[in-house]
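**Q** One structure is given below, represented as structure tokens, and several questions about it will come after.
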Amino acid sequence: MFGAPTSSLSLCQAGVHGGTSAGTPAELWVQQRQSVSSFEVLENIILLGHKGAYFVERFLGEGTFGKVAKCTNLSTNKEVAIKIIKNGFNKTAEDEIKALTEISKLDAHKYSLVKYVEWFHYNSHVCIVFEMLDQSLFDFMKDRSSLPLFLHEIRAIAWQLLISLKGLKSINLVHCDIKLDNIMLVNQVSEPFRVKLIDFGLASKTTDIQTGTRLQNICFRAPEVILGLPLDERLDMWTVGYVLALLYTGFYILPRDSEFNIIRAMTKIKEVEQLIDLLKRMLEVDPNKRISPNDALRHPFFDLEKKTPKISKPQEKGGPATNPQERSSNKNKKSLVQQQKAEKRKAPAASRKRTNSDRQSQDQEKSWQMEAAVKKKRKS
């Protein structure tokens with residue numbers, strides 16, 4: 001796919017911007033080829049492309065696959081960004097150029113996709129030329145100490161990213177690496193929160209994605225990727241949703257240390273959703289529509305707690321009972337014992353009362369008998 005390398009000249013050697021020539025062009029070309037390492041691209045040199053000569057102003061950053069330089073097209077005097085791929089990643093570069101060729105069929109402005117200009121070789125490395133953009137959402141959030149965005153700002157970004165996904169789906173393409181670093185602000189001063197999707201180095205046709213393929217940054221990895229399930233363009237939707245949540249909260253809502261912890265945290269999202277739904281019903285502006293205490297107590301948010309089994313520790317000998325039925329039974333036993341003790345205490349008293357009563361009746365009967373005997377004697 002890639003042709004022969006095109007040439008590159010130093011500004012000083014080529015006599016540009018006041019520089020002076022110190023030899024024939026052929027001699028200068030050989031000198032530069034000898035002075036530049038296998039990947040070293042210097043500032044203040046000219047890269048010769050098919051559509052113009054590009055003066056390297058400065059480097060914007062470096063990633064796994066290469067460097068990105070801010071350059072000026074000397075033919076149009078417009079700024080461009082040139083991605084210079086490291087030697088050994090030509091296959092990655094070829095895949096990205098294929099994806100960019102497909103994307104070129106779309107209106108880059110309409111679908112919020114970075115505009116691709118051209119590609120060429122420099123010193124056996126592939127150089128890909130794009131329109132110059134402002135800064136990534138990652139750098140933007142970092143500069144504001146991860147302060148969350150306002151809803152109208154998030155809404156604007158969400159709309160544009162969804163339009164991007166719609167465009168990619170129309171050409172059967174999946175980005176596979178959406179993250180804050182790959183969402184660029186176009187010009188935050190003149191066009192606030194106008195964004196474009198960049199970096200299609202891992203993009204793939206939907207039909208070419210194999211099940212079990214490890215895709216996406218772990219922070220933004222969709223659950224189907226982690227679980228090894230069949231993959232399609234919907235994994236990009238998950239990532240966009242996660243990006244929006246990050247912009248709203250200002251922090252990563254899922255762990256970033258391991259896939260196990262990510263999946264475990266995902267299962268708790270349902271609880272958060274139900275809490276939010278309950279709060280929305282409790283904070284209803286119209287009091288006639290506001291949830292009642294009875295309905296609130298029956299809300300699914302509380303069902304989760306009811307469905308969760310509570311495991312009690314095994315009871316030790318002589319220890320207190322932890323089972324509710326055992327506690328109830330013990331209470332009944334205690335009350336029965338107390339009742340029996342009370343009856344025992346009452347029994348002697350009742351017996352004493354009966355004895356006294358019997359004695360009184362016996363004494364009374366004797367006195368009656370004595371009175372009867374005295375009366376008999378008197379009559380006789």
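The numbers here are math on the coordinates, done by the rules we state, and not lab data. Note that the structure is predicted; figures quoted are calculated from it, not measured. Don't worry about glycine lacking a Cβ; one is built from the backbone with ideal geometry, like all the others, and counts go over all protein chains shown.
**Q** To make sure I understand, if each residue's beta carbon is the centre and we count other beta carbons within 10 Å, what order do M184, M266, M282 fall in, fewest to most?
**A** The order, fewest Cβ neighbours first, is M282, M266, M184.
**Q** Kirkwood hydrodynamic radius for the stretch 137-267: how many Å is it when counted over pairs of different Cα atoms?
**A** Hydrodynamic radius (Kirkwood, Cα pairs) of the stretch 137-267 is 15.3 Å.
**Q** So what's the convex hull volume per residue for the Cα atoms of the stretch 51-206, in Å³?
**A** Output value, Cα hull per residue: 119 Å³.
**Q** Let me know the charge dipole size of the stretch 109-265 about its Cα centre in debye, to the nearest 20, where only the beta-carbon of Lys, Arg (+1) and Asp, Glu (-1) is charged.
**A** My answer is approximately 300 debye.
**Q** Let me ask another. How much space per residue, in cubic angstrom, does the convex hull of the C-alpha atoms of the stretch 43-125 take up?
**A** Convex hull of Cα atoms, per residue: 105 Å³.
**Q** Taking the Cα-to-Cβ direction at L229 and at I163 and moving 7 Å from each Cα, how far apart do the two end points lie in nm?
**A** So the two model labels end up 3.1 nm from each other.
**Q** Using a Förster distance of 35 angstrom, determine the FRET efficiency expected from the C-beta separation of E94 and E40, and round it to 0.05.
**A** It comes out at approximately 0.95.
**Q** Please compare each pair in K169/K270; K142/K280; K78/K179; K67/K91; K70/K91 to a cut-off of 22 Å on the Cα-Cα distance and tell me which ones are over it.
**A** K169/K270; K142/K280; K78/K179; K70/K91
**Q** Determine the gain in length on full extension of the stretch A296-E57; use 0.36 nm per residue of separation and subtract their C-alpha separation, reporting nm with one decimal.
**A** Net length gain for the segment: 79.8 nm.
**Q** Using r as the Cβ-Cβ distance of L106 and I263, and R0 as 41 Å, what FRET efficiency do you calculate, to the nearest 0.05?
**A** For R0 = 41 Å, the calculated efficiency reads 0.75.
**Q** Let me ask another. Can you bin the stretch 118-214 into rounded, prolate or oblate? Criterion: square roots of the alpha carbon gyration tensor eigenvalues sorted a ≥ b ≥ c, rounded for a/c under 1.5, prolate for a/b above b/c, oblate for the rest.
**A** Oblate.
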